[in-house]
Structures are given as C-alpha cells and as structure tokens.
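Working notes, structure below.
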Amino acid sequence: MTSSAVNDSVRDGLETERDELRRRLDELTSDGAAAPDFDENFADSAQVAAELGENLSLAAALRDQLVDVEGALARLDDGTYGRCQECGDAISQARLEAMPATPFCIAHA
C-alpha cells in the first residue's frame, strides 16, 4: 500500500472516530458539559448526583479523545503525523495501528 493510501486509510479511520465521539458527546450532554435528562426533584438526589458526576467524567474523557483525534488529523494535514511531538522520531507502526491518534512515541508516552 502506498504512503498516500495509508494516510487516506488513517484519515478515514480518524474521521470516523471523530464523528462517533461527537455523536456520543451530543447524546450524553445537551451543551457538551452537563447531562440533560436528570430530574432534580428525583427522590434519591445522591443517585442523581452520582450519575451526573459519572456523565461529566465521561464527557470530559470523550472531549479529551476528540482533541487527540482532531490533533492527529491536523498532523496528517501538516505532514507531521507519525512523528513524536516530543523528540521528532518516528512513532512505530505497531503503536500507530493500536493508537492512531497518539502524538508520542513509546519512550515519551
């Protein structure tokens, strides 16, 4: 497979992942920050608070993943994809296959 075909394949995978992360964030939150479906008058306010906390944590993790994926797409655009942002060395193919959005080689992970 040519380098261009590999990049196209990586881009397709990252764009799919980006779209899925955005969809999940939209489903989880109304404004990207808080869960929309909790009834504040629910009898078990501790349960509501716990679920809200879990949703906020999940939303934060999804936003972090989205930032990583969008960063990888930007690196594809500027030609630095596959290079460690810390040392500039090539990131191993096995690492990129396992974690396509990673900006770091294993030594700097």
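Nothing in this text is a laboratory measurement; each read-out follows from the coordinates by a stated rule. Fair warning: this is a prediction, and the values are worked out from it, not measured in the lab. Cβ atoms come from the backbone with ideal geometry, glycine included; neighbour counts cover every protein chain shown.
Assorted remarks:
- Here's how it looks for Arg83: its modeled amide H is under 5 Å from those of Ile91, which are all 5 or more places away or on a different chain.
- Exposure proxy ranking, count of Cβ atoms within 10 Å, fewest first, for Asp12, Asp78: Asp78, Asp12
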